[in-house]
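Notes follow the structure.
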Amino acid sequence: MKWFQRGLQATSALIPLGLIALFVFLTAYSWPAIRFNGFGFLFSNTWSLGNLYGDPVHVNGALVPPGAHYGIWVFIVGTLASSALALLLAVPVGIGVALYLVEYAPHRLSGAFAQIVELLAMVPSVVYGLWGFEVLAPLTLKYLAPAISSAVPFLSFFSTPASSGFGLFTASLVLSLMVLPVIASTLIEALRRVPRELRESCFALGATRAEVQRRALLPAVRTPLIGAVILALGRALGETMAVLMVSGGALNYLPGSLFSPITSMAAFIASQLDSALQDTSGMAVRSLAEIALVLLIIAVIVNVLARILTRRVAVAG
């Protein structure tokens, strides 16, 4: 029995050890880039590999291509903006889908649609990206962008015309569809576990169906809701191929409108790895590893804050 318990402990320890090992590897591998780039790496808008055909030069004690400069503020903004907008779109829809399937839909229909929601989570991201590339981007350019611009002409961030269908809005729509199953399926299971007595007691007090859902059911599942939102945010932050295919590939400038091209950190790593390997000094690849380290730190911070928020909500409830 003791050996079995120790085996379980060793197995469970693999997860935090794996995270620590990943953090140590990224830190060690990107350390030359960290020393060369400094804090300007986080707040500079310029990313340039320099002259890859020239002889590397020594700059601040590091060997880099002539004219090389690495800054990722543009990619941080693109990652956070697209993920935040995706959650703003997906969370209300996910809540509505879960409430309908649990509270309104017939039992057979509810079970079938719940299975479809779960199947959406299994669709490869490249399929979402191809759909966004071929369908959603043209739809945004021809219909959605003009409609949004005409609806709020007094706000330049929304009213600026779209130059193409690719950008922040399209990437956020694709991400929202990708994270929607995570939110909806989690809430469906949580709502089904709410005791029937809670509903019946609210109805006995004269509450309407909408009041029961708003004041009893949703507060009862707020902890699973927070967990679902954080899981969805984690997927949105780290999504690569779908964002790469519909974001527009912005480089060295911040998005000025809802329809401006962007680039996320994960998508930029995937798109630039081949070019970075042409750098004989190796600084470009190490700088990409530094981007991965920053993305890992952001993900860890988000999860820690979510755990703190979940505990406070649980205590307050």
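Across the alpha-carbon atoms of the range 195-317, the computed radius of gyration and Dmax are 22.0, 74 angstrom. Note that the range 110-225, at 4 °C in a medium of 1.567 mPa s, gets a Stokes-Einstein diffusion coefficient of 75 µm²/s from its Kirkwood radius over C-alpha pairs.
If you run the Gaussian network model on the chain, springs between alpha carbon atoms under 10 Å, then out of F203, F169, F23 the most flexible one is F203. Separation of the range 227-297 from the range 97-169 is 22 Å, based on Cα centroids.
Of the residues V123, V243, V229, the one that moves most in a GNM of the chain with alpha-carbon contacts below 10 Å is V123. Around the amide H of S48, modelled in the peptide plane, lie the amide H atoms of H69, Y70, G71, all under 5 Å away and 5 or more residues distant in sequence or on another chain. The base-10 log of I(q)/I(0) for the range 74-267, evaluated at q = 0.15, 0.16, 0.19 Å⁻¹, reads -0.90, -0.97, -1.17 [Debye formula, identical scatterers on Cα atoms, solvent excluded]. Counting Cα-Cα pairs of the range 35-141 in 5 Å increments starting at 0 gives whole-percent bin shares of 2, 9, 10, 13, 12, 10, 10, 9, 8, 6, 5, 3, 2, 1, 0. Helical runs (DSSP H, four residues minimum) scored at -39500 (n - 2.57) apiece and divided by the length of the chain put the mean residue ellipticity at 222 nm at -21000 deg cm²/dmol. Taking the chain as a Gaussian network of alpha-carbon nodes connected by springs under 10 Å, the highest mean-square fluctuation of the residues R192, R108, R35 belongs to R108.
Could you sort 90-97, 132-139 so that the peptide with the highest average Cβ count within 10 Å comes first and the rest follow in order?
Highest mean packing first, the order is 90-97, 132-139.
Quick check: net charge around L217, other residues with Cβ under 14 Å of its Cβ, Lys/Arg +1 and Asp/Glu -1? Taking every other residue near L217 into account, the sum is +3.
Between the listed residues V102, T79, M245, the Cα displaced farthest toward the positive end of the dipole of the range 74-267, a dipole computed from Cβ unit charges relative to the Cα centre, is found at V102.
Each Lys and Arg contributes +1 and each Asp and Glu -1, all at the Cβ; summed about the Cα centre of the range 74-267, the dipole is approximately 340 debye.
Readers should treat all values here as calculations from the given coordinates under stated rules, not as data from a laboratory. Every value quoted in this text rests on a predicted model; they were computed, and no experiment measured them. We place every Cβ from the backbone using ideal geometry, glycine too, and count neighbours over all the protein chains shown.
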